[in-house]
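Shown next, in structure tokens, is the structure this report addresses.
The values are calculated or read from the model by the stated rules, or taken from the named source; none is laboratory data. Computed from a prediction, not measured in an experiment: that's the story for all the values here. With ideal geometry, Cβ positions are generated from the backbone for all residues, glycine too; neighbour counts draw on all protein chains shown. Side chains included, ligands, DNA and RNA excluded: accessible areas come from the protein's heavy atoms. Shrake-Rupley method; radii C 1.70, N 1.55, O 1.52, S 1.80 Å.
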Amino acid sequence: MADEGYVKYSARHSEAPAVEAPHWAELNDARTRLRELGLVGVSRGIGFGNVSIRVKGEEFLISGTATGAAPVLSLNEYCLVTSFNIGENSIVSCGPIRASAESMTHGAVYRAVPAANCVIHIHSRPIFDRMLRDRYPATPAEAEYGTPEIAEAAGACAAAQEGGEGLIVLAGHDEGVIAFGASVGRTFALLEELYNRACPRTN
Ligand SMILES: [Zn+2]
């Protein structure tokens, strides 16, 4: 189930002009490609999937809430997360659009892996099933979307992987997968490789 539409966390958001971050265009191109592959999109009227880049420290720019339907986003559909508190499940953000509840999981990965500069969250039935079958690092099945538990677990899973990059299957968030890496290109490549293995072309 893709349930990004439900905000269970507390958010303090300030309306502000868009923030142009280095590598934003590259991030947005990757998001467009993921949208074409169906890994970011909309299901039963609810958007799923989001992409982010580290700006500085633990600040990151992330695609905003309920943007899954758009084939291509503009900078106005990205939001800057300036701080977050995992235990309190709270986020402070600014920009032209609000952050999705899943921003906490992105933040947890940036906190756990200083070398990570990009985090991508996608949804895919075949990729999710294959990752569970192949025993990829996974968050607990009882850790649900939008909770401190899933964010903490994703951070721990990320920290346990070598080389500042990797893939995590969010076992308690059906079809949910996280990729992270030092660059947008590297993070996208991890997902593309997984996609090519799990979703063979039929034509
Ligand atoms: Zn999700």
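Residues of region 35-48 being closer than 27 Å to residue 201 by Cβ, of a type in the set (A, V, I, L, M) and either surrounded by fewer than 24 Cβ atoms within 10 Å (Cβ to Cβ) or touching a Pro at 6+ places or on another chain (Cβ under 8 Å) (or both), which ones? Reasoning before the result, please.
Narrowing region 35-48 to residues closer than 27 Å to residue 201 by Cβ: 35-44, 47-48.
This time we only want the ones that are of a type in the set (A, V, I, L, M), so: 37, 39-40, 42.
Correct list: 37, 42.
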### Selection within region 180-198 - within 16 Å of residue 28 (Cα to Cα) and of a type in the set (S, T, N, Q)
183, 187
### Task
Just one of (1) touching a residue at least 60 places away in the same chain (Cβ under 8 Å); (2) among the hydrophobic types (A, V, I, L, M, F, W, C); (3) touching a helix residue (DSSP H, G or I) at 6+ places or on another chain (Cβ under 7 Å); (4) away from the ligand (no atom under 16 Å from the Cβ) trips up residue 60, so point out which.
(1)
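Hey, among the residues in region 1-18 that are of a type outside the set (Gly, Ala, Ser) and within 16 Å of the ligand (Cβ to nearest atom), which one's modelled with the highest pLDDT? Before you say what the answer is, go through the steps one by one.
First, pick out the residues of region 1-18 that are of a type outside the set (Gly, Ala, Ser): 1, 3-4, 6-9, 12-13, 15, 17.
Add one more test, that the residue is within 16 Å of the ligand (Cβ to nearest atom), and what stays is 1, 3-4, 6-9.
Values: 1: 40, 3: 49, 4: 47, 6: 41, 7: 40, 8: 59, 9: 74.
Taking the candidates together, the pick is 9.
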### Query
Going by the structure shown, is residue 135 in contact with a Lys or Arg (Cβ under 9 Å, 6 or more places away or on another chain), at pLDDT 95 or above and of a type in the set (Lys, Arg)?
no
### Query
Out of (1) open to solvent by less than 10 Å² (accessible area, probe 1.4 Å); (2) within 16 Å of the ligand (Cβ to nearest atom), what's the single condition that is false for residue 27?
(2)
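Among the residues of region 12-27, are any touching a residue at least 60 places away in the same chain (Cβ under 8 Å), within 19 Å of residue 128 (Cα to Cα) and not in a strand (DSSP E or B)? Steps first, please.
Let us first name the residues in region 12-27 that are touching a residue at least 60 places away in the same chain (Cβ under 8 Å), namely 12-19, 23, 26-27.
Next, only the ones that are within 19 Å of residue 128 (Cα to Cα) stay: none.
Checked against the condition, which is being touching a residue at least 60 places away in the same chain (Cβ under 8 Å), within 19 Å of residue 128 (Cα to Cα) and not in a strand (DSSP E or B), region 12-27 yields no hits at all.
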### Task
Being in contact with a helix residue (DSSP H, G or I) (Cβ under 7 Å, 6 or more places away or on another chain) and within 15 Å of the ligand (Cβ to nearest atom) is the filter here, so list the residues in region 139-166 that pass it.
139, 143, 144, 150, 151, 154
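Can residue 115 be described as modelled with pLDDT under 95, among the aliphatic types (A, V, I, L, M) and either surrounded by 24 or more Cβ atoms within 10 Å (Cβ to Cβ) or under 20 Å from residue 56 (Cα atoms) (or both)?
Working: modelled with pLDDT under 95: no; among the aliphatic types (A, V, I, L, M): yes; either surrounded by 24 or more Cβ atoms within 10 Å (Cβ to Cβ) or under 20 Å from residue 56 (Cα atoms) (or both): yes.
It is false that residue 115 is modelled with pLDDT under 95, among the aliphatic types (A, V, I, L, M) and either surrounded by 24 or more Cβ atoms within 10 Å (Cβ to Cβ) or under 20 Å from residue 56 (Cα atoms) (or both).
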### Query
Does any residue of region 156-164 turn out to be modelled with pLDDT under 95 and of a type in the set (D, E, K, R)?
yes
